[in-house]
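Pasting a structure here, questions to come.
Please treat every number below as a calculation from the coordinates, not as lab data. Predicted model only: the values in this text are computed from it and were never measured. Note that each Cβ is placed from the backbone with ideal geometry, even for glycine, and that neighbours are counted across all protein chains shown.
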């Protein structure tokens with residue numbers, strides 16, 4: 001059930017969603033790391049947010065909630081708030 005919720009939430013951010021393979025249930029690490037270098041600041045923050053859920057920690061890519069909230073648009077902020085109100089991990 002958590003995988004389904006994760007991919008539903010991820011689907012709201014198409015540019016980031018393309019970095020995961022839902023069928024294989026995996027993150028394409030090479031594509032993810034390459035994308036971090038060309039994404040906007042907000043996209044990088046939301047990508048790192050999803051990676052922190054995926055890996056069950058924020059150590060690998062260093063997601064920082066305060067930095068993220070300072071630069072995200074309202075829909076992405078709301079996505080994080082939604083998760084905080086009812087957290088889950090894939």
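Taking the simple approach of a point 7 Å from Cα along Cα-to-Cβ for both residue 67 and residue 5, what is their distance in nm?
Placing both labels 7 Å along Cα→Cβ, they lie 2.7 nm apart.
May I pose another question? If each residue's Cβ is checked for other Cβ atoms within 10 Å, how do 56, 45 rank with the fewest at the top?
If I rank by nearby Cβ atoms, fewest first, I get 56, 45.
Any idea what the relative contact order of the chain is, in percent, if you count C-alpha pairs under 8 Å spaced at least 6 apart?
31
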